[in-house]
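The block underneath contains the structure these notes are about, expressed in structure tokens.
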Amino acid sequence: MTKTVLVTGGTGTLGKLVAPLLLQAGVRVRVLSRTARQGTDGIDYVAGDLQTGAGIAEAVAGADTVLHLAGTQKGDGAKAQALVDGIKAAGEFPHLVFISVVGAERIPVESAIDRQTMAYMASKRDAELVVENSGLPWTTLRATQFHDLLFTMVSAMAKMPVVPVFDFRFQPIETAEVAARLVELTLGEPAGLVEEVGGPRIYTMKELERSYLQAAGKRRPVVTMKAPGKASRAYAAGGNLTPEHAVGERTWEDFLAAKLATA
């Protein structure tokens, strides 16, 4: 019998890579969307809203696995809960697979300033707990920051005459490599919290910014500053890194060269 997978966030940076890989594996793919339609790519786009929960029960009906990739800077916990509630309303018991971020459980968010600077981490941790406590068979993969995300960050910051960077380090990983791992997990059995994945090298935020400026042929002074709050101190100490799981192969330099060559 052909497996059916519902993907949330299927039109995002990660989802656009995951969905075709699932199709190649012989999976019937549904992508949660604002409107229902049959795509020319072989994907069935089904209507549903994770903000309100509308349409989720109908979208998940008959799905063997739900791959939850939809995420924002805040509100991920509420979206995950809306998804779980919709699954239960449908009377289904699918394998729930979730993508989270390395350090989600290690970065303390105890104040307003912590939540302001580390909203993404806090939001991902909220969603992790919803998945773990859903009563459904589940798998969660934590990954370090994607090359694409860090490129967006450094290219935006490079527009300033003086570029301020925090005393943070990052371990960027290729999005396609994370997509391939997620497909393996989606096709497999529920495994709970699996080994996290990180990129091949660790860089300071200043190194990432300077490498972008050099590759883009721009000249800007880059100034390192300390971010306030307990969460930022944990980040600066490497709470977002996983050097023991440096399984990624494509380096930041390789990604940057290819990205700017096609820009």
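Go through Ala156, Ala180, Ala122, Ala176 for me and flag whichever is without any contact (Cβ under 8 Å) to a residue 12 or more places away in the chain and of a type in the set (A, V, I, L, M, F, W, C).
The conditions single out Ala156.
Restricting to region 128-152, count the residues that are farther than 24 Å from Arg169 by Cβ and among the aliphatic types (A, V, I, L, M). Walk me through it before giving the result.
Looking only at region 128-152, we keep the residues that are farther than 24 Å from Arg169 by Cβ, and these are 129-139.
With among the aliphatic types (A, V, I, L, M) added as a condition, the list becomes 129-131, 136.
Residues that pass the stated criteria total 4.
Can Ser134 be described as surrounded by fewer than 20 Cβ atoms within 10 Å (Cβ to Cβ), part of a loop (DSSP other than H, G, I, E, B) and hydroxyl-bearing (Ser, Thr, Tyr)? Let's see the steps before the verdict.
Values: surrounded by fewer than 20 Cβ atoms within 10 Å (Cβ to Cβ): yes; part of a loop (DSSP other than H, G, I, E, B): yes; hydroxyl-bearing (Ser, Thr, Tyr): yes.
The answer is yes for Ser134.
Restricting to region 137-152, and then to whatever is touching a residue at least 60 places away in the same chain (Cβ under 8 Å) and part of a loop (DSSP other than H, G, I, E, B), can you tell me which residue is surrounded by the fewest Cβ atoms within 10 Å (Cβ to Cβ)?
Gln145
I need the full set of residues from region 208-218 which are closer than 29 Å to Arg181 by Cα and crowded, with 17+ Cβ neighbours inside 10 Å, in order please. First the steps, then the outcome.
Taking region 208-218 and keeping what is closer than 29 Å to Arg181 by Cα, we get 208-209, 211-212.
Answer for region 208-218, where residues must be closer than 29 Å to Arg181 by Cα and crowded, with 17+ Cβ neighbours inside 10 Å: Leu208, Glu209, Tyr212.
For region 72-120, which residues satisfy the criterion of being at pLDDT below 85 and not in a loop (DSSP other than H, G, I, E, B)?
Ala112, Ile113, Asp114, Arg115, Gln116, Thr117, Ala119, Tyr120
Which members of region 219-263 meet the condition of being in a loop (DSSP other than H, G, I, E, B), surrounded by 12 or more Cβ atoms within 10 Å (Cβ to Cβ) and in contact with an Asp or Glu (Cβ under 6 Å, 6 or more places away or on another chain)?
Gly229, Thr242, Gly248, Arg250
Can you name the condition, by its number, that Glu128 falls short on among (1) free of Cβ contacts under 8 Å to residues at least 24 places away in the same chain; (2) within 27 Å of Leu6 (Cβ to Cβ)?
Of everything listed in (1) free of Cβ contacts under 8 Å to residues at least 24 places away in the same chain; (2) within 27 Å of Leu6 (Cβ to Cβ), Glu128 misses just condition (1).
Take Thr11 and tell me if it is more than 18 Å from Ser134 (Cα to Cα), among the hydroxyl-bearing types (Ser, Thr, Tyr) and either surrounded by fewer than 21 Cβ atoms within 10 Å (Cβ to Cβ) or in contact with a Leu (Cβ under 9 Å, 6 or more places away or on another chain) (or both).
Yes, satisfied.
Condition check: among the aromatic types (Phe, Trp, Tyr), at pLDDT below 95 and at negative phi. Does Tyr235 satisfy that? Talk me through it step by step, then tell me what you get.
On the way: among the aromatic types (Phe, Trp, Tyr): yes; at pLDDT below 95: yes; at negative phi: yes.
Judged against the criteria, Tyr235 is a match.
For region 50-71, name all the residues that are crowded, with 16+ Cβ neighbours inside 10 Å, among the hydrophobic types (A, V, I, L, M, F, W, C) and either over 16 Å from the mean Cα position of the chain (by Cα) or in a helix (DSSP H, G or I) (or both).
Within region 50-71, Leu50, Ile56, Ala57, Ala59, Val60, Ala61, Ala63 meet the criteria.
Can you go through Thr224, Thr186 and tell me which one is modelled with pLDDT of 95 or more and over 19 Å from Glu249 (Cα atoms)? Steps first, please.
Working: Thr224 fails: modelled with pLDDT of 95 or more.
Among Thr224, Thr186, only Thr186 is modelled with pLDDT of 95 or more and over 19 Å from Glu249 (Cα atoms).
Against the definition (closer than 13 Å to Val247 by Cα and among the hydroxyl-bearing types (Ser, Thr, Tyr)), how does Thr144 come out, yes or no?
For Thr144, the condition - closer than 13 Å to Val247 by Cα and among the hydroxyl-bearing types (Ser, Thr, Tyr) - is met.
The values are calculated or read from the model by the stated rules, or taken from the named source; none is laboratory data. Predicted, not measured: the structure shown is a model, and the values here were computed from it. Quick reminder, even Gly has a Cβ in these numbers, built from the backbone with ideal geometry, and neighbours come from all protein chains shown.
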